[in-house]
Amino acid sequence: MTETLLAFAALLALAFARIPIAFAMLIVGIAGFAWERGLPASLDQLAQTTFAAGINYELSVVPLFILMGNLVARAGMSQELFRAAYAFIGHWRGGLAMSTIVACAGFGAICGSSIATAATMTRVAYPPMRQLGYSDKLAASAIAAGGTLGILVPPSTIMVIYGIMTETNIGRLFAAGVLPGILAAFLLCLAVRYAVWREPDAGPAGESSPWATRWRALRGVWGVAALFAVSIGGIYAGVFTATEGAGFGAFGAFLFALTRQTLSWSVLRDVLLESARTTSMLFMILIGALVFANFINFTSMPRDLQHFVERFALHPTMVVAAMCSIYVILGTAMEELSMILLTVPVFFPVVVNLGFDPVWFGILVVVVVEIGMISPPVGMNLFVISALLPHVPTPTLFRGVAPFVVADVVRLLILLAFPIISLWLPSVLRIAGKGY
Amino acid sequence: MRASGDGGGGRASGDAPAAPRPPSRPDTLFPGRLGAWAGWVLGTVAATVLFAMMVLTFVDVTGRKLFVHPVYGAYEITEFLMGTLIFSALPLVTAREGHVTIDVLDSFLPVWFARWQQVVVTTISTAALAFVAWRLWVLSASHTRTHEVTMTLRIPHGPFSRLFAVMAALAAVASLVIVWGYVSGARQVRSASTGSGS
């Protein structure tokens, strides 16, 4: 136990000293493994893990979903989603911010990345909000919060990585994300409601649209619906594995981008290269985390934690609640993906041992990641928004996200208390099989 | 924390017609024409491989579901395309200082300190990359010695582990050039930054 705590302390020290997280995990993992099992075994482990992770077929789902997200972002589909949402709820007070959130949820159905969702929506939704006289505080924070829905509504990069790490069926995870995603959009809209109640000038109402416009706008989203139906629908129906669905989705997105003439050779090369770089960066973190996890698995940490839980006869839900609070606290200061990769090997056995469904825990993990992405000071989505809207002062953004963070914590509590919200759809769809 | 060197603009994709986008910064492995050329070659390889993966998956699945005729060995081809993709982009990510870093403490540190911090930190990264390259090279030697191949297509492992080792070594070189940049003062510590992740 002591050596594990030391290792975690060393890791955090290295990471906060600014060593890239991937290398910090790699270094501590190699050293720790060598301490437990000797240097030759550790060196062997490093090479084997790196090579095996590099040529893992199941993991090829990651670049394909990233590519799909980047392609749909270029194809102009977020514009149509926003227009449709606006036609229905834009005339409410704060309606434009709510439209943004609903459009984010819709975009999340074809994009597995929160950052891409937030960035795309900034370009689409921020100008109209400003035009209508929205405050920067509400406009920017609504996009930051809505953007996190990208990883909850399937497809989702985090779910894929969680699924592969824990051998949980990705199709079931994808199904489990749908209802919590709708709940999330609803709660975030309530947060907008609260924000405009506090500051009525922050989000004035837009114009009401006649029903003819509404139906026309709704028909405009057929592309998103088709892509979701083919790719994710195929996974739900059991026609595709996750990788096949991702490949199909990416190809579909490619065709859409082609027919909308948003692709030139240089744009295509850009999109591909951007996706390749993101993939490479994620895989370095993944390899670092795997090397570190191999070491952790040789220590007594996972067992000790289970003994601890048993000895104190803690209520199972309390244990998971405690884990979630650790995540929320860690998530304010840490990068979310590495946080998950580091802790899941330790927490997962405990959760399964308590008799919980790994799919449910996976959804909770995604939700805490979402909270981490918009909670200051270190929140990925906040950084994306700051970079794209440099004139919005950071403190303004930090204050603006407060109601959204509260809404997210409420959602976490609801999902914690009612596992059925996450588990109902997968059980109805009866997605068969174990593993990927 | 930050990752992509282009301030969020690179990864962050917007809708093309509505918003003009800044042109993405070209990848260069290190300053000079050779570095630019190497960056272009690696970038083209990575982009082509990813495109091939997408097309291969699509053709394989359509073939299997519609014509009961999958691509022979698609599974194994995808595996090696994956590895090539990840490792050929690794030097590019490294050259952009694109690895995810926690930089919450940056605003509390003076600039002169940040510069030497970068020197030390990047040296450690260089060492880690070089170490990985070395171990992959050793693994590749054992792959070649034992004639390790895949089951269906009998693709030899050796050349690929060697390729991964070379790419990791290239990334280490790119990283070393960054260290030198900080030491010589040619490279400045950047202030505000963003971007990466899930």
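The values are calculated or read from the model by the stated rules, or taken from the named source; none is laboratory data. This structure is a prediction, so every number in the text was calculated from the model and none was measured. No Cβ is skipped: glycine too gets one built from the backbone with ideal geometry, and neighbour counts run over all protein chains shown. Please note that ligands, DNA and RNA were not included when accessible areas were found on the heavy atoms of the full protein model with its side chains. Shrake-Rupley method; radii C 1.70, N 1.55, O 1.52, S 1.80 Å.
Scan (1) touching a residue at least 24 places away in the same chain (Cβ under 8 Å); (2) within 30 Å of A:S375 (Cβ to Cβ); (3) touching a Lys or Arg at 6+ places or on another chain (Cβ under 7 Å) for the single condition B:L92 breaks and write down its number. Unmet condition: (2). Filtered by the rule that a residue be surrounded by fewer than 22 Cβ atoms within 10 Å (Cβ to Cβ) and part of a helix (DSSP H, G or I), the stretch A:257-272 gives A:L258, A:T259, A:W265, A:S266, A:V267, A:L268, A:R269, A:D270. Taking helices (runs of 4 or more DSSP H) as the structural unit, those lying wholly within the stretch A:166-250 and holding at least 1 residues that are among the polar types (S, T, N, Q), in contact with a helix residue (DSSP H, G or I) (Cβ under 7 Å, 6 or more places away or on another chain) and open to solvent by less than 20 Å² (accessible area, probe 1.4 Å) correspond to A:222-236.
If the condition is being more than 7 Å from every other protein chain (Cβ to nearest Cβ) and either in a helix (DSSP H, G or I) or buried (at least 24 other Cβ atoms within 10 Å of the Cβ) (or both), then the stretch B:81-100 contributes B:L81, B:T84, B:S88, B:P91, B:T94, B:A95. Picking from residues in the stretch A:364-401 that are assigned to a loop (DSSP other than H, G, I, E, B) and facing another protein chain (nearest Cβ under 9 Å), the one that is most open to solvent (accessible area, probe 1.4 Å) is A:P390. The combined condition, being farther than 30 Å from A:V405 by Cβ and open to solvent by 30 Å² or more (accessible area, probe 1.4 Å), is not fulfilled by A:F295. The number of residues in the stretch B:39-65 being among the small types (G, A, S) and over 24 Å from A:G245 (Cα atoms) comes to 2. Filtered by the rule that a residue be touching a residue at least 12 places away in the same chain (Cβ under 8 Å), within 22 Å of B:L81 (Cβ to Cβ) and out of contact with any Asp or Glu (no Cβ under 8 Å at 6 or more places or on another chain), the stretch B:117-154 gives B:V132, B:A133, B:L136, B:W137, B:L139, B:S140, B:H143, B:T144.
Of all residues in the stretch A:289-303, those that are under 15 Å from A:A53 (Cβ atoms) have Cβ atoms under 8 Å from Cβ atoms of residues that are aromatic (F, W, Y), 6 or more apart or on another chain, in A:V291/A:F33; A:N294/A:F33. Residues of the stretch B:53-73 being within 10 Å of chain A (Cβ to nearest Cβ) and either open to solvent by 40 Å² or more (accessible area, probe 1.4 Å) or not acidic (D, E) (or both), which ones? Across the stretch B:53-73, the qualifying residues are B:M53, B:M54, B:V55, B:L56, B:T57, B:F58, B:V59, B:V61, B:T62, B:R64, B:K65.
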